[in-house]
Amino acid sequence: MTGSYKCEASTLNDDSKASSSEVSISVVGIESVQIAEKSLRPGHSGFVEVKVCANPQPEIWWSTSEGLLKPGQTLSNFASSHLAKSTTCGIKM
């Protein structure tokens, strides 16, 4: 979680303690996943397009009955394209 953190340590018998200075850490991640468009009919070719809002850019893998499908791969009846960048996400750094 975003916040200020510091490391504290002590010896087993607590006769000596040490502490680091505080460090601010900003945690950002996946903000949302939405289905942008889909066309799925049994027995026909189809597609699912999702919009993922994240910082840093995520790695997206699809889980299929044939195994994991990475961007740019084809596996049996499945194919996955590479991510396209969008500037409409709204995550602030």
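The values are calculated or read from the model by the stated rules, or taken from the named source; none is laboratory data. All values reported here derive from a predicted model rather than from experimental measurement. Backbone-built Cβ (ideal geometry, glycine too); neighbour counts: all protein chains shown. These accessible areas exclude ligands, DNA and RNA; they are computed on the full protein's heavy atoms, side chains included. Shrake-Rupley method; radii C 1.70, N 1.55, O 1.52, S 1.80 Å.
Annotations
- Heavy-atom accessible surface of residue 47, to the nearest 10 Å², is about 90 Å², with a 1.4 Å probe and all protein chains retained.
- Phi angles of the stretch 10-23 translate, via the Karplus equation with coefficients 6.51, -1.76, 1.60 and θ = phi - 60°, into HN-Hα couplings of 9, 6, 4, 9, 6, 8, 9, 10, 9, 8, 7, 6, 6, 10 Hz per residue; Gly and Pro are given as x.
- Sorted peptide list for 48-60, 12-24, criterion being average Cβ within 10 angstrom, highest first: 48-60, 12-24
- Tail beyond 13 Å, pair distance distribution of the stretch 7-75 (Cα, percent): 80 percent
- Whichever lysines have a C-alpha closer than 27 Å to that of residue 17, once near sequence neighbours (fewer than 8 apart) are set aside: 6
- Of all lysines in the structure, the ones whose alpha carbon falls short of 25 Å from that of residue 70, not counting any fewer than 8 places away in one chain, are 38, 51, 85.
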